[in-house]
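The values are calculated or read from the model by the stated rules, or taken from the named source; none is laboratory data. Here the structure is a predicted model, which means the values were calculated and not measured. Cβ placement follows ideal geometry from the backbone for every residue including glycine, while neighbour counts extend to all protein chains displayed. The protein model used for the area step is the full one, side chains on, heavy atoms only, and it has no ligands, DNA or RNA in it. Shrake-Rupley method; radii C 1.70, N 1.55, O 1.52, S 1.80 Å.
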Amino acid sequence: MSKKVKVYTTSTCSYCSMVKAFLAEKGVSFESVDVTQDKNALEEMVKKSGQMGVPVLDIEGKIIVGFNPKEIEEELGL
Amino acid sequence: MKCRELIIVGAGPGGMTAGIYAARKKMDFIMVTRDIGGQAILSSDIENYLGYQFITGAELVKKFREHVESFNLDIKENEPVKIVQKEGDIIRVETEAREYSAKAVIIASGRVPRELGVKGEKEFKNRGVTYCATCDAPLFTGKSVAVIGGGNAGLDAVLQLIKIASKVFLLEFSSHITGDAVMIDKVKNSDKVEIYTGTRVEEIYGDMVVRGIRVRRGEEVKELEVEGVFVEIGSKPASDFVKGVKKNEKGEIIINPQCETSLPGIFAAGDVTNVFGKQIIVACGEGAKAALAAFLYLNKKA
C-alpha cells in the first residue's frame, strides 16, 4: 500500500519544485501545501520539523527536511 | 580503503562539468558533495548562460543534473567534506561519515554565505534566521523582519520583503547604506522600512523560533521584535576544509591557468578560487580545465 505523503512548500523555493518533480517522476501521489498561503500549515510544519526551511516532507510521521532523494526513496521503499 | 584516481569535491556548475570531462576520459573517480547545484540553484533569473536566453537557476541545474546522470556517475550526495589533506602522494578526503582517498582531487566547493557570528545565530538557523531571501522571504508574510547588511544583497532582500512583511528593519554596521542609488531610493520611500546605520546585532533570541534581536548603536542598546532575520553580508569561499594549499587574503584558493593549486595533485575550479569572474559559465569552463589538467597530471605520474 502506498504511504501518505505531504509536502510543505513555497512557490519560490527551487528545492520544493525539485522534490515535487521527483515524486511525480516516481509516480508517488502527494498532497502539497504552500505554507505562505496557509498560516496553520506553516505552524504545523514548524512544530513537526522544528525549523522553518522548506521543503519539508511528512511521510506518515517521518519528517524529511530538504530535498534528499535517497532518504525519500528509502522511506517510500522505491 | 580504495584509492581512486580522482575525487571531485562539490557538484555546482564547476564540479559537474569536471565530472562530465572525467567521465568522458573514463577516469576512475567519484564526486563528493553537500548538494547538487551549489549556488546556481539559488539564482532566480539567468540570462547570460549560452544557449538559454532565459532560464531559472533551478531549471538550469536540472539540465546539468540530467546531463551528469546520463554518465551514471558515482555521486556521494549529502556528504559535506570536512577535510582535504595531502599525505605523501595520496590525498585524503574526509566527510562526517566516511573517508575517501585519491591520487588527485578537484576542489569545486564554491562559496557560502558569510555569517554574523553572534549569539543565537546558529541556534535559530532555519528557525527564523536565513541567508536566502529569495528562498525564504514568503515564509514571513505579514510578519516583522530584520535585514542585516546595507549592500545590494541586503537592499534586494528589503525590496522583496516590503511586498509581504508587515515591517522591515534594515541594519547596517557602517555609517551608511552602500547599495545602488535606485534601490536605496525605493527602500527609503517605503513606510514599512526603518533604517538603522552604525548598528551592530548583538544577539538573536527566541523560543522555538526567532522572537527578536538585540542591537547596539554606540551606547544605545535596543531590542527589536522580529520573527525573521535575513543575513545579507556577503559570501566567502568554502575553502576552510582544504588544508595546506595557498590561499589569498580573501580565503580563495590560489590557482594557476591550469587550475593547479600550490600542492601537486590538488586542483581547484570556480568560485572557491581566485579566478576572475564569479559566474556560472566561468565556473563551468574552469571545471573543464581542472579535469583536463588532472587527467594530464595522472598520466604523467603513471
Using only atoms on other chains, find how many Cβ atoms lie within 10 Å of each Cβ of peptide B:139-146 and report the average. 3
Residues whose built amide H sits under 5 Å from the amide H of residue B:86, excluding neighbours closer than 5 in sequence, are B:92
Please report how far the C-alpha centroid of the range B:129-160 lies from that of the range B:182-201, rounded to the nearest whole angstrom. 12 Å
When each of B:62/B:103; A:4/A:62; B:246/B:301 is checked by Cα-Cα distance, pairs over 21 Å: B:62/B:103; B:246/B:301
Which whole-Hz couplings ³J(HN,Hα) result when phi for each residue of the range B:260-270 is put into the Karplus expression 6.51 cos²θ - 1.76 cosθ + 1.60, θ = phi - 60°, listed in order with x for Gly and Pro? 7, 8, 6, 10, x, x, 9, 10, 9, 8, x
Cross-link table B:82/B:122; A:3/A:70; B:122/B:186; A:26/A:48, entries beyond 21 Å C-alpha to C-alpha: B:122/B:186; A:26/A:48
Check which residues have an amide H placed less than 5 Å from residue A:5's amide H, if you skip close sequence neighbours. A:31
Value of D in µm² per second that Stokes-Einstein yields for chain B, Kirkwood Rh from Cα pairs, at 20 °C (1.002 mPa s): 104 µm²/s
Let me test this: with uniform point scatterers at the alpha carbons of the range B:134-229, what is the Debye-based log₁₀ I(q)/I(0) at q = 0.12 1/Å? -0.34
Less than 14 Å apart at the alpha-carbon level, and either on another chain or at least 8 residues along: which aspartates and glutamates does that give for residue B:76? A:71, B:35, B:94, B:96, B:99
In Å, the Kirkwood hydrodynamic radius from C-alpha pairs for the protein assembly as shown sits at 22.2 Å
Dimensionless Rg over Rh [the range A:5-76; C-alpha; Kirkwood]: 0.92
Residue-normalised value, i.e. accessible area per residue, for chain B at 1.4 Å probe, in Å², stands at 47 Å²
Scalar couplings 3J(HN,Hα) for the range A:23-32 by Karplus 6.51 cos²θ - 1.76 cosθ + 1.60 (θ = phi - 60°), nearest whole Hz, x for Gly and Pro, are 5, 4, 4, 7, x, 8, 8, 8, 9, 10
Using modelled amide H (1.01 Å from N, peptide plane; none on Pro or chain starts), what sits under 5 Å from the amide H of residue B:273, excluding residues fewer than 5 places away? B:253
